[in-house]
Each structure stands twice: as C-alpha cells, then as structure tokens.
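> Just dropping this structure here.
The values are calculated or read from the model by the stated rules, or taken from the named source; none is laboratory data. As the structure is a prediction and not an experimental result, all values here were calculated from the model. With ideal geometry, Cβ positions are generated from the backbone for all residues, glycine too; neighbour counts draw on all protein chains shown. These accessible areas exclude ligands, DNA and RNA; they are computed on the full protein's heavy atoms, side chains included. Shrake-Rupley method; radii C 1.70, N 1.55, O 1.52, S 1.80 Å.
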Amino acid sequence: MSHNKDIELKPVPTHVAIIMDGNGRWAKSHGLERTVGHVEGVNTVHRITQAASDMGVKYLTLYAFSTENWNRPQEEVDALLNLISIALEQETPALIENNAKLEIIGDIDRMPDDARQRLNRSMEATAHGTGLTVVVAFSYSSRWEITRACAKLAQEAIEGKIKPEEITDEVISQHLTTAPYPDPDLLIRTGGEMRVSNFLLWQIAYSEIIVSPTYWPAYTVEEFQANIDAYRGRERRFGRTSEQVSSDK
C-alpha cells in the first residue's frame with residue numbers, strides 16, 4: 001500500500017463498481033473449459049468482497065450477468081446461473097459475519113425459480129447488515145433499466161402524478177434500480193477491454209475509471225488495493241477547474 005501523504009488524506013471510494021471480465025479468456029489461456037473460469041472468478045469475488053469490507057468501502061456493485069449474456073450458449077447460461085446462485089448462497093455466512101448485506105439489481109424475473117429463490121434467501125438472511133452493501137447486477141443492462149424508468153415516468157405522467165417539467169435528473173435517478181445507492185466513485189473493469197458494456201451508464205457519468213489488463217480470476221487483493229490508491233490520488237473535478245476544486249478545501 002502506498003504511503004504518499006496526499007493519497008493518505010483522500011478517503012477510500014464510498015462506492016466501487018466492477019465489471020468482472022475475463023473468466024472465459026483466463027480459462028482458455030490455461031487450456032480449461034470456460035465454466036472453470038467462472039468458478040475461479042467466484043473465488044476472486046470472495047477475496048475482493050472481503051477486501052472492500054476491510055477497507056471501509058460502503059457499496060460494491062458487481063456485474064455478474066448481463067441481459068446480453070442470455071444469448072450465450074444455453075449450456076454456459078445454465079452453468080453460470082447455477083454457479084452464481086450457489087456461490088452467493090455459500091457466501092452468505094461470510095457476509096453475515098462481516099455485517100454486510102446482499103442486494104440484487106436487474107430483471108430477475110427471467111431467472112429460473114430455483115436460482116431466484118436461492119438469491120432471495122441470501123438477501124433476506126443478510127438484510128440486517130449495516131456495513132458493506134454488495135450489489136450484484138444480475139440479468140442487468142443499463143438500457144433496460146433506463147427504458148424501464150422512462151416507462152414508469154410516462155405512466156406517472158398519464159396518471160397525473162408528475163408533470164413533464166418536474167422530471168429532473170434526480171427524479172430519473174430515483175426511478176432507476178440503483179435508487180437506494182450513491183453513484184459509483186470508481187469503476188474498475190478487468191480483462192483489458194476498453195468499454196463499459198451497458199453497465200450503469202447513467203450512474204457512472206462522473207465516476208473515475210480504471211481498466212486492468214488482468215483477467216478477473218487472476219485479479220488480486222493487492223491489485224485492488226493499488227486501484228483504490230490510484231483513485232485516491234486523482235482529483236475529481238465534476239466539470240469544474242482544478243482551481244475551483246482547490247478553493248473548496
């Protein structure tokens with residue numbers, strides 16, 4: 001961990017979002033089946049969740065399964081759904097021990113009943129947690145979420161509950177699945193791809209972004225710490241000048 005004074009003075013991010021990419025490519029590079037990469041990726045989730053909790057991060061949003069992932073070969077989709085729901089079930093005691101809470105965002109109505117019931121049980125068991133909130137984006141896509149918010153607002157306008165001129169960016173935020181959470185301070189993408197893949201498009205408007213070349217199964221707590229330190233060394237201007245930011249201090 002860096003001990004640069006300037007970095008030490010800046011707090012850890014309140015909300016870290018991670019696009020966990022590279023499971024399949026990691027497996028291929030090791031001559032293994034793609035599903036083995038997903039299993040290894042679950043181990044990384046355990047390590048990074050624990051590290052985030054230890055560091056004092058309040059929200060950790062993990063992109064586990066996108067709505068586009070439903071288009072993958074059925075065998076891989078079935079294996080992924082089964083793996084994610086069982087992994088979260090197995091992770092539940094550790095979440096409870098760490099006073100952490102599990103929440104899900106996404107179109108979970110598309111999930112098979114068994115997997116959905118497992119997730120619901122895990123959420124109920126951890127609901128009292130007041131430490132880290134682990135938000136798993138499952139069957140999620142940002143365009144799905146924004147479209148859904150628009151439809152809700154249109155319905156409210158038809159019913160006379162809201163006037164078009166009353167729709168502000170705050171009102172839109174309140175109609176997203178992420179309404180209970182602050183926007184991410186930091187977005188990390190592993191696997192080296194330079195895109196955001198339909199993830200939290202509205203919410204990451206001012207997030208710092210770090211792309212790691214490391215495949216998710218090989219992503220370590222040490223690299224996560226280095227990414228957090230890099231964030232702590234950045235100046236977040238939110239459209240203002242450095243001078244304006246400095247005058248706030």
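> Got a number for residues in the range 192-226 being surrounded by 21 or more Cβ atoms within 10 Å (Cβ to Cβ) and not hydroxyl-bearing (Ser, Thr, Tyr)?
Result for the range 192-226: 6.
> Please identify the pairs in which a residue from the range 135-160 that is farther than 27 Å from Asn82 by Cα has its Cβ atom under 9 Å from the Cβ atom of a residue that is surrounded by 17 or more Cβ atoms within 10 Å (Cβ to Cβ) and polar (S, T, N, Q), counting only partners at least 6 apart or on another chain.
Ala149/Thr177
> Oh, and also: Within the set of pairs 6 or more residues apart or between chains, which connect a residue that is under 20 Å from Val134 (Cα atoms) and of a type in the set (Val, Ile, Thr) inside the range 63-83 to a residue that is open to solvent by 20 Å² or more (accessible area, probe 1.4 Å) and modelled with pLDDT of 90 or more with Cβ atoms less than 7 Å apart?
Sorted first by the residue in the range 63-83, then by its partner, the pairs are Thr67/Asp107; Thr67/Trp144.
> Still on this structure, please answer the following. I'd like to check something: does the range 142-158 contain any residue that is surrounded by 15 or more Cβ atoms within 10 Å (Cβ to Cβ), polar (S, T, N, Q), modelled with pLDDT of 95 or more and outside any loop (DSSP other than H, G, I, E, B)?
Yes, the range 142-158 contains a residue that is surrounded by 15 or more Cβ atoms within 10 Å (Cβ to Cβ), polar (S, T, N, Q), modelled with pLDDT of 95 or more and outside any loop (DSSP other than H, G, I, E, B).
> Answer with yes or no whether Gly56 is open to solvent by 30 Å² or more (accessible area, probe 1.4 Å), without any contact (Cβ under 8 Å) to a residue 40 or more places away in the chain and on the phi > 0 side of the Ramachandran plot.
Answer is no for this residue.
> Restricting attention to helices (runs of 4 or more DSSP H) lying wholly within the range 1-114, give those where 2 or more residues are β-branched (Val, Ile, Thr) and touching a His at 6+ places or on another chain (Cβ under 8 Å).
On the way: elements: 5-9, 23-29, 34-55, 74-97.
Counting at least 2 such residues, we get no helices (runs of 4 or more DSSP H) at all.
> Here's something else I'd like to know. Mind checking whether some residue in the range 171-179 is open to solvent by 30 Å² or more (accessible area, probe 1.4 Å) and among the aliphatic types (A, V, I, L, M)?
Checking the range 171-179: at least one residue is open to solvent by 30 Å² or more (accessible area, probe 1.4 Å) and among the aliphatic types (A, V, I, L, M).
> Limited to the range 65-105, what total is found for residues that are out of contact with any Gly (no Cβ under 8 Å at 6 or more places or on another chain), open to solvent by 20 Å² or more (accessible area, probe 1.4 Å) and under 21 Å from Ala179 (Cβ atoms)?
Adding up the residues that qualify gives 2.
> Considering only the range 37-59, I want to know if a residue exists there that is modelled with pLDDT of 95 or more, in contact with a strand residue (DSSP E or B) (Cβ under 8 Å, 6 or more places away or on another chain) and over 13 Å from Phe224 (Cα atoms).
yes
> Give Glu222, Glu208, Glu193 a once-over and let me know the one that is under 30 Å from Ser29 (Cα atoms), of a type in the set (D, E, K, R) and in contact with a strand residue (DSSP E or B) (Cβ under 6 Å, 6 or more places away or on another chain). It would help to see each step written out before you state the result.
On the way: Glu222 fails: in contact with a strand residue (DSSP E or B) (Cβ under 6 Å, 6 or more places away or on another chain); Glu193 fails: in contact with a strand residue (DSSP E or B) (Cβ under 6 Å, 6 or more places away or on another chain).
None of the others qualify; the one that does is Glu208.
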